[in-house]
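Some notes on the structure that comes next.
The values are calculated or read from the model by the stated rules, or taken from the named source; none is laboratory data. These numbers come from a predicted model, not from an experiment. With ideal geometry, Cβ positions are generated from the backbone for all residues, glycine too; neighbour counts draw on all protein chains shown. Surface areas here come from the heavy atoms of the whole protein model, side chains and all, with no ligands, DNA or RNA. Shrake-Rupley method; radii C 1.70, N 1.55, O 1.52, S 1.80 Å.
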Amino acid sequence: LIVSIVVIILSFSIYSSLDARVTFNSSTLKIGEIYGCELPYTQIAEIDTVAHLPNVEYKSNGYGLFNVQKGYFVLTNFGEAVLYTNSSSTPIIQMRLKNGQYYFLNQSEKSKTIEIFETLKSKIKPNI
């Protein structure tokens, strides 16, 4: 029983520490499985890249282990935001929805983050 519990915990930790899966559909951006979401392009008001994740005050409903954060976190000057980040990797994509909700997303490889940013920018350009 103890071995099973340890295996489950380790499996969850390894799976959760992987980069969030990003999928571009015709009208939405789909992010991740754990704490995943689907964002309509028409609801994205602003998008940019930042060099650092804002200060995390606390985790409200999410997963945070080492440098990986997934889920809902309260950030200084932002309030509650949704993170799919590896804070040891830059840049980080910062999105603000029309309802004021912030999302932060990056991948462990800089080139993948930049590719996601450029693709997303091209999908939402008509909406901004």
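Across the chain, how many lysine pairs, 8 or more positions apart or on different chains, have C-alpha atoms separated by under 24 Å? Please give the number.
The result is 24.
Each residue of segment 90-96 in order: what ³J(HN,Hα) in whole Hz does its phi give by Karplus 6.51 cos²θ - 1.76 cosθ + 1.60, θ = phi - 60°, with x for Gly and Pro?
So the Karplus estimates, Gly and Pro as x, are 10, x, 10, 7, 10, 10, 10 Hz.
Counting heavy atoms of the protein chains only and a 1.4 Å probe, report the per residue accessible area for the chain as a whole number of Å². Working shown, then result.
On the way: 7340 Å² over 128 residues.
So the chain comes to 57 Å² accessible per residue, rounded to a whole number.
Determine the sum of side-chain charges near residue 33: Lys and Arg each +1, Asp and Glu each -1, restricted to other residues whose C-beta is under 11 angstrom from that of residue 33.
On the way: positive: 21, 30, 70; negative: none.
Every neighbour counted, the sum reads +3.
Test of understanding: extend the Cα→C-beta vector of residue 118 to 7 Å, then name every residue of segment 76-91 with backbone N under 15 Å from that spot.
Under 15 Å, as judged by backbone N against the label point of residue 118, lie 91 of segment 76-91.
With label points built 7 Å along Cα→Cβ from the Cα atoms of residue 61 and residue 76, find their separation and express it in nm.
2.6
Per residue, what volume in Å³ does the Cα convex hull of segment 45-128 take up? Walk me through the numbers before you get to the answer.
Values: hull volume 6.9 nm³, N = 84.
Measuring per residue, one finds 82 Å³ for the Cα hull of segment 45-128.
Carbon and sulfur together cover what percent of the accessible area of the chain at a 1.4 Å probe radius?
On the way: 3990 of 7340 Å².
Solvent-exposed carbon and sulfur of the chain make up 54 percent of the total.
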